[in-house]
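*Asks:* Can you read through this structure? Questions will come right after.
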Amino acid sequence: MEATSSSSSSLLNGLNSGVVLSLIAVLWTVVWQNLQRLQLQTLVGRHMNRHARRLAALVDPYLSVTIHEYEGGRMKRSAAYEEVKAYLSASSARDVRHLRAEGAKDADKLVLSMVDGEEVSDVVAADDSTDVTVWWCAYSTPPPRTDGGGYYGWGGGGRAQENRRYYRLFFLDRHRELVINTYLPSIRRQGRAVMVQNRQRKLFTNISTHNWSDVDGLVRSAWSHVVFEHPKTFDTLAMDPAKKKEIMDDLDMFKNGKDYYARVGKAWKRGYLLHGPPGTGKSAMIAAMANYLDYDIYDIELTSVHSNTDLRKLFIETTSKSIIVIEDIDCSLDLTGARKKKKEAADDDDGGSKDGGAPPKPDMKKDASSKVTLSGLLNFIDGLWSACGGERLIVFTTNHVKKLDPALIRRGRMDKHIEMSYCCFEAFKFLAKTYLDVDSHRLFAAVDELLSEVDMTPADVAENLTPKSLDDNADTCLAALVKELEKAKENKSKGKNAHGEDKDEDEDEEDDDVEVVEKDK
Ligand SMILES: Nc1ncnc2c1ncn2[C@@H]1O[C@H](COP(=O)(O)OP(=O)(O)OP(=O)(O)O)[C@@H](O)[C@H]1O
Ligand SMILES: [Mg+2]
């Protein structure tokens, strides 16, 4: 016994420590590979996997790649993080015990991802057809400390600061090339494809720039969003069919125009100016465009933007495949240059509104601290920054096209001017079909004649065609419309507008606007 013991100890003494480590490494690799083969899915198994891997790393080092949810000082959301999250959603749903769920495009579906501390493995086929296993782990760290110590929680100006999440990929050193050159690009591609399937369109609005506060050099996103669920489509938008087709063709050309824009050396963006009286479907048209193109909408409230620099930052944070909207551009800010100054002063004296019509909507009042200028807006539309990212539509709406500075709406900035006009007979027939499901009716002739004599917006026509009780049907709704049109005709002959109010200067000006646009065309 003693001899054996002494001989084995002398044998061990004879071996250098490097050989011992190599032996352990070989032994460990065998054990480890068997563990892998067993594919233990129980809690104990997965727990063991994790510790076993850590132990194995002592002799066969693991490398890691970390992908943070936010990148850069601007706290811009990382596309890579979202792609990895999307890619891992299927395997997380299958293998992970604790999951986080978010809504998906399909109202009943959920997009699942693993919570912090969970991990999933993935298998990559190497060039020699062997399977290589890699592991993804989810982590998070608390946000940076505030001055007073402790982490940002519900304190810090009352803002909730979420943990910073990240994924870390572990793989063996010998698979470095395969993982970096083949695996990672491939999961980004696959992640993007999953994102397209699950994507919910979003409606963003800008947060007042006063609230973009710094947290240790990091700035909160300038946009907040809700899921965009507007039902309006071109199928339910009443307008001249030829004009509608022209707009849809234009959108198609834009969406598929990546190569064209690159070839002619233009930034991949297009400006639309929608103008016309209130209730003619300008906002409805934007919703239809977003649904048609499958784009997000960024609705900029210009009065909450306090400088040209902030406006540029807002632009940088928009993603491609989006429509950037500024509604009622004429009354958001004083962007009309010196031409309006005199009239404004007069309006201010007698307490009137700046756009000469109805009093300004409370949220449309010019913010005293807003320093966005016309030149800032011009730069926003077609300055050097506007080329960042590509595939963006910029849409302005206005009720008073004539009041806008020509520089703002010239071609190249607002490439396509679309006039949204009062309801014509074609549009009426379309609305009658949509709202009442009738193609013809004895009252159609009367409506046709009256529409050629008086102006009524599609919004008003649609309201009259909407059944108000279970007793309402096509007959009663059309009769109500005819009555309303006759009333409007009577008001017109008395010099009043369609609603029986005295006509103001502005309404006359609108007629001139039409001429301007006709010339543009
Ligand atoms: N051409 C149209 N076809 C179908 N519905 C319409 C049309 N125009 C307006 N409507 C309906 O009328 C309502 C008001 O339309 P919308 O808000 O788009 O008008 P607008 O031109 O944006 O008005 P404003 O200038 O006051 O913002 C919406 O419910 C919309 O669905
Ligand atoms: Mg509108």
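*Asks:* If I go through the range 395-429 residue by residue, how many of them are within 16 Å of ligand 2 (Cβ to nearest atom) and either farther than 30 Å from D455 by Cα or not in a loop (DSSP other than H, G, I, E, B) (or both)?
*Replies:* So the count comes out to 7.
*Asks:* Tell me which helices (runs of 4 or more DSSP H) are completely within the range 223-324 and hold 1 or more residues being in contact (Cβ under 8 Å) with a residue 12 or more places away in the chain and within 16 Å of ligand 2 (Cβ to nearest atom), or say none if there are none.
*Replies:* Filter on the range 223-324 gives 282-293.
*Asks:* Right, another one. Being at pLDDT 90 or above and closer than 14 Å to I329 by Cβ is the filter here, so list the residues in the range 373-399 that pass it.
*Replies:* Once the filter is applied, which keeps residues that are at pLDDT 90 or above and closer than 14 Å to I329 by Cβ, the range 373-399 yields I394, V395, F396, T397, T398, N399.
*Asks:* For the range 429-443, which residues satisfy the criterion of being within 10 Å of ligand 1 (Cβ to nearest atom) and surrounded by 17 or more Cβ atoms within 10 Å (Cβ to Cβ)?
*Replies:* F430, L431, Y435
*Asks:* Right, another one. Within the range 483-503, which residues are more than 12 Å from D460 (Cβ to Cβ) and at pLDDT 75 or above?
*Replies:* K483, E486, K489, E490, N491, K492, S493, K494
The values are calculated or read from the model by the stated rules, or taken from the named source; none is laboratory data. Treat the numbers as computed from the prediction; the structure is a model and nothing was measured. Cβ atoms come from the backbone with ideal geometry, glycine included; neighbour counts cover every protein chain shown.
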